[in-house]
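Peer 1: Dumping the structure here so I can ask a few things about it.
The values are calculated or read from the model by the stated rules, or taken from the named source; none is laboratory data. Note that the coordinates shown come from a computational prediction; the quantities given were computed from them, not determined experimentally. Positions of Cβ are backbone-derived with ideal geometry, glycine not excepted, and every protein chain shown enters the neighbour counts.
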């Protein structure tokens, strides 16, 4: 799976576009699950991977019985990062209108008009900078809107760390309202990387969800 810059084609920007990463995801899924519809699976995604996980449900809906999305944000299409001047304007508007957030204002205003975008969590990792840039520029998935997410009918667990600075609770609540069988759970002392910050809490939460829907 592409992602760490040490694969056989690490310096091809095209390979890191969402549509191509989805092809690799489908290939991996078929490698381990196969095309036998009698086999079922549970798919877990984190951050940008939540978009891959939900897109996977579209193509392998008969084989995925539960979906778990960690720090995935709202039901908004992916888009590449906006130009620097647009970013400054968006941040300014977010600051001005934040007090009105719980007064009924349409929450999609807190996304760029282009769509949502996931910043790199760890810029000090061993992943080469050019690979991180390819990932950033490749985040384009216009199909991933609210209408797409409404068609996800399997039980879906949404996990949000209340200390998350990249994804807001408002965005997660919007996702819970959009996916028909979604259930939002909060971890008070976790941020964006729940699986590293509170692994036992997250594991227990996931196992309880799986057990409940496996009855």
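Peer 1: Kindly indicate whether residue 44 is closer than 20 Å to residue 160 by Cβ, touching a strand residue (DSSP E or B) at 6+ places or on another chain (Cβ under 7 Å), modelled with pLDDT of 95 or more and surrounded by fewer than 20 Cβ atoms within 10 Å (Cβ to Cβ).
Peer 2: Spelling it out, residue 44 is indeed closer than 20 Å to residue 160 by Cβ, touching a strand residue (DSSP E or B) at 6+ places or on another chain (Cβ under 7 Å), modelled with pLDDT of 95 or more and surrounded by fewer than 20 Cβ atoms within 10 Å (Cβ to Cβ).
Peer 1: Filter the stretch 183-194 down to residues that are surrounded by fewer than 17 Cβ atoms within 10 Å (Cβ to Cβ) and assigned to a helix (DSSP H, G or I), then give me how many there are.
Peer 2: Result for the stretch 183-194: 0.
Peer 1: Among the numbered criteria (1) more than 14 Å from the chain's Cα centre (by Cα); (2) surrounded by fewer than 17 Cβ atoms within 10 Å (Cβ to Cβ), which single criterion is violated by residue 205?
Peer 2: Here residue 205 meets the rest and fails (2).
Peer 1: Which of (1) buried (at least 18 other Cβ atoms within 10 Å of the Cβ); (2) modelled with pLDDT under 80; (3) at positive phi does residue 118 not meet, given it meets every other one?
Peer 2: (3)
Peer 1: Looking at (1) at pLDDT 60 or above; (2) part of a helix (DSSP H, G or I); (3) touching a strand residue (DSSP E or B) at 6+ places or on another chain (Cβ under 9 Å), which is the only condition residue 159 fails?
Peer 2: (2)
Peer 1: For residue 137, work out the one condition from (1) exposed (fewer than 15 other Cβ atoms within 10 Å of the Cβ); (2) out of contact with any helix residue (DSSP H, G or I) (no Cβ under 7 Å at 6 or more places or on another chain) it doesn't fulfil.
Peer 2: All conditions pass for residue 137, except number (2).
Peer 1: For the stretch 9-39, which positions are under 23 Å from residue 209 (Cβ atoms), surrounded by 14 or more Cβ atoms within 10 Å (Cβ to Cβ) and out of contact with any helix residue (DSSP H, G or I) (no Cβ under 6 Å at 6 or more places or on another chain)?
Peer 2: 29, 33
Peer 1: Let me ask something additional. What is the number of the single condition among (1) modelled with pLDDT of 95 or more; (2) closer than 20 Å to residue 116 by Cα that residue 206 does not meet?
Peer 2: Result: residue 206 fails condition (2) only.
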